[in-house]
Amino acid sequence: QVQLVESGGGLVQPGGSLRLSCAASGSIFRVGTMAWYRQTPGKQREMVATITDTGMTYYVDSVKARFTISRDNVKNMVYLQMSNLKPEDTAVYYCNAAARITASRLFDMYWGQGTQVTVSS
């Protein structure tokens, strides 16, 4: 009913930048908080940044001052601008969104398929 599709991952050298995008589509009444998570093999998925529908943001300490989350409420998109990337940022990055498909439904949580970010020289 709601699909999230990420794009923008790839290989980048340490100190470089990447911009991830995520588009929400389908039968959407309203999108609430959107977020980016990341996961490396053998580790739990980690929340990287969140943004509410009013624009309030939160970042995990390891990415503060390097990553910026933003969103376009008209297009139902969320972005993650990543700068000064480090090898430890290497992970699969997942888009997450809380969305309602009708006015009478509560928010459900949706996930994208993930996009690989590799930081290496």
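Just a few scattered comments:
- Residue match in the stretch 82-98 (condition: under 15 Å from residue 5 (Cα atoms), part of a strand (DSSP E or B) and of a type in the set (Gly, Ala, Ser)): yes
- Of everything in the stretch 29-47 that is hydroxyl-bearing (Ser, Thr, Tyr) and in a strand (DSSP E or B), the residue that is surrounded by the fewest Cβ atoms within 10 Å (Cβ to Cβ) is 33.
- First in the stretch 1-27 and without any contact (Cβ under 8 Å) to a residue 60 or more places away in the chain, second anywhere and surrounded by fewer than 19 Cβ atoms within 10 Å (Cβ to Cβ) and not in a strand (DSSP E or B), Cβ under 8 Å, 6 or more apart: 21/8; 23/75
- Restricting the stretch 103-121 to residues that are hydroxyl-bearing (Ser, Thr, Tyr) and over 15 Å from residue 3 (Cα atoms), the residue that is most open to solvent (accessible area, probe 1.4 Å): 121
- Residue list for the stretch 56-78, filter: under 14 Å from the mean Cα position of the chain (by Cα) and within 19 Å of residue 23 (Cα to Cα): 57, 67, 68, 69, 70, 71, 72, 76, 77, 78
- In the stretch 1-28, the residues that are in a loop (DSSP other than H, G, I, E, B), open to solvent by 40 Å² or more (accessible area, probe 1.4 Å) and either over 15 Å from residue 109 (Cβ atoms) or β-branched (Val, Ile, Thr) (or both): 13, 14, 15, 17, 27, 28
- Residue 79 assigned to a strand (DSSP E or B), touching a Lys or Arg at 6+ places or on another chain (Cβ under 7 Å) and under 15 Å from residue 7 (Cβ atoms): yes
- Residues within the stretch 48-66 that are under 26 Å from residue 2 (Cα atoms) and touching a residue at least 24 places away in the same chain (Cβ under 8 Å), tallied: 3
- Just so you know, in the stretch 106-121 the residues that are of a type outside the set (Ser, Thr, Tyr) and assigned to a loop (DSSP other than H, G, I, E, B) include one that is farthest from residue 13 (Cα to Cα), and it is 106.
- Test: residue in the stretch 50-65 that is closer than 20 Å to residue 110 by Cα, surrounded by 13 or more Cβ atoms within 10 Å (Cβ to Cβ) and hydrophobic (A, V, I, L, M, F, W, C): yes
- Every test in (1) surrounded by 13 or more Cβ atoms within 10 Å (Cβ to Cβ); (2) closer than 21 Å to residue 63 by Cβ is passed by residue 100 save one, and that test is (2).
The values are calculated or read from the model by the stated rules, or taken from the named source; none is laboratory data. Keep in mind it's a predicted model, so treat the numbers as computed, not measured. For neighbour counting, all protein chains shown are included, and Cβ atoms are generated from backbone atoms with ideal geometry for every residue, glycine included. Ligands, DNA and RNA are excluded from the accessible area calculation, which covers all protein heavy atoms including side chains. Shrake-Rupley method; radii C 1.70, N 1.55, O 1.52, S 1.80 Å.
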